[in-house]
Amino acid sequence: MDSTQTRDSISGLWDGQIVPQLIDYIRIPNKSPMFDAKWVEHGYMDQAVAQLSEWARSHPIPGMTVDVVRLEGRTPLIFIDIPATSKQAGDDCVLLYGHLDKQPEMTGWSAHLGPWKPVIEGDRLYGRGAADDGYALFGSLAAILALQEQATPHARCVVMIEACEESGSYDLPYYVDHLAGRIGTPSLVVCLDSGCGNYEQLWLTTSLRGLTGGNLTVQVLDEGVHSGDASGIVASSFRILRQLLSRLEDETSGQIKPQNLYVEIPPQRIEQARLTARVLGDAVYSKFPFVAGMHPVASDPTELVLNRTWRPALSVTGADGMPPLESAGNVLRPFTSVKLSLRLPPTLEGGAAGERVKRLLEADPPYGAKVTFALEKATSGWNAPALAPWLEASVDAASRGFFGAPPAYNGEGGSIPFMGMLGEKFPGAQFLITGVLGPHSNAHGPNEFLHIPTGKRVSMCVARVIADHCAASEQGLTTGVAASAAHTHTGEHGCC
């Protein structure tokens, strides 16, 4: 593969086609089903699916098929199948994954920005969903197109773009089973839905946390009553809710109390955290928009990295039963509800963890209050297999060639349910999990942006890895490597 030609080809495609396409994509409010119960009626998801699939069809890759697969009652999925250009690769396959559904609007956007308002400022494209994860289809096809232009051999490539990831990917297992015969058995999985510690090198994700959560409701009355009349007799639903949350979380330190929600952190991941902290320094925490005077929960960057990647942590992401401040009268409210999001260690089983939390919160309610915890999600995390020698060498060459720096390795605090699912179904596969969500990109929050140069370089790196995968496949080096690889990368920038 000619690196200069690859760079020019992919950069030109991004400037001429991909960025304009992402601008149109940002304008579509195709929120994930959890945040838009009427997504079918609104039609935004179909609009986004049509845009991305039509762009893919507009590029005449020989033998490529682009299908929009629809299972009854489920979000659609884009399935792209590109034949191998190498006869020696046989039935080997590369699976490239992304998603096109989006998080909700969120408040706090700068006055000149908005979730559905694309704005380019310098190298940044602002708006919801371009980096998480609308660019994935475009970046994947850009890499393959660059190889085809140079007649660089590659194995068969399958691109899957789902529309339910931000809701926990609950539709995806049905599509994986439905399409199993068409997917085959990939020896390499490429996921472009992760983050990067900086924009100066290629970052490989070594682990992902799991997630469980739902709605905790405490009800004390059938209707609101005068607070002066009832307070001191009727316990506040908010106070009871505080008690229940203290069963789960230490309100002073933020540490999760139940020990069965922790795992033993592998030694190589602890070493990786130390190296990542050394590479990033105070950027481990300075990337977040702290208010003046606020500081992180710990001073040791290594502990912060481990907190974010291998320890459970609770966030309250929504509330109900509380009127706006301007409408809050002297009323003892009948109920309080909060939405809980509990991040789980990568190797903890999500379903069992969710049930433990439910039992913990609902048991022995104070004062006999009505307490319910409605589980909405319970997904397991993922811990990467050891890198095969060919893939380690490939990502090193790709990062140095297109970023000008060696690759870095880091765990991620977020969840990609598909990775755990694929890890179970394809235990012999290698994984290249990376992304463009770097410092201040603020996925899911206000002022979310895509760093365009990183999007280009990630696409270039994917092209290099797909080409190297084909060479390794032709030599028989890609079969069962994950199950047998014994070495662990512990180089300058991390481990895997």
Helices (runs of 4 or more DSSP H) within the stretch 1-60 that include 2 or more residues surrounded by 15 or more Cβ atoms within 10 Å (Cβ to Cβ) and over 25 Å from the mean Cα position of the chain (by Cα): 3-13
Residue check for P115: in contact with a strand residue (DSSP E or B) (Cβ under 9 Å, 6 or more places away or on another chain), farther than 21 Å from F418 by Cα, touching a residue at least 24 places away in the same chain (Cβ under 8 Å) and of a type outside the set (D, E, K, R): yes
Those helices (runs of 4 or more DSSP H) lying entirely in the stretch 257-363 with at least 1 residues in contact with a strand residue (DSSP E or B) (Cβ under 6 Å, 6 or more places away or on another chain), without any contact (Cβ under 8 Å) to a residue 24 or more places away in the chain and open to solvent by less than 80 Å² (accessible area, probe 1.4 Å): 350-362
Subset tally (residues that are more than 30 Å from R359 (Cα to Cα), in contact with a Lys or Arg (Cβ under 8 Å, 6 or more places away or on another chain) and small (G, A, S)) for the stretch 176-233: 1
Scope the stretch 193-242; condition open to solvent by less than 50 Å² (accessible area, probe 1.4 Å) and of a type in the set (S, T, Y); matching residues: S194, Y199, T205, T206, S207, T212, T217, S227, S236, S237
Unique match (being open to solvent by 10 Å² or more (accessible area, probe 1.4 Å), over 21 Å from Q21 (Cα atoms), part of a loop (DSSP other than H, G, I, E, B) and at pLDDT below 95) among T185, T152: T185
Complete set of residues in the stretch 367-381 that are in contact with a strand residue (DSSP E or B) (Cβ under 9 Å, 6 or more places away or on another chain) and not in a strand (DSSP E or B): Y367, A369, S380, G381
Scan of the stretch 51-77 for residues that are without any contact (Cβ under 8 Å) to a residue 12 or more places away in the chain and farther than 20 Å from L13 by Cβ, ordered by number: R70, E72, G73
From the options G254, G213, residue that is in a strand (DSSP E or B), closer than 13 Å to A313 by Cα and in contact with a Leu (Cβ under 9 Å, 6 or more places away or on another chain): G213
Of all residues making up the stretch 123-146, the number that are crowded, with 24+ Cβ neighbours inside 10 Å and in a helix (DSSP H, G or I): 16
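The values are calculated or read from the model by the stated rules, or taken from the named source; none is laboratory data. Please read these numbers as outputs of a predicted model, since none were measured by experiment. So basically every Cβ, Gly included, is an ideal-geometry build from the backbone, and we count neighbours across all protein chains shown. Just the protein is used for accessible areas: all its heavy atoms, side chains included, with ligands, DNA and RNA removed. Shrake-Rupley method; radii C 1.70, N 1.55, O 1.52, S 1.80 Å.
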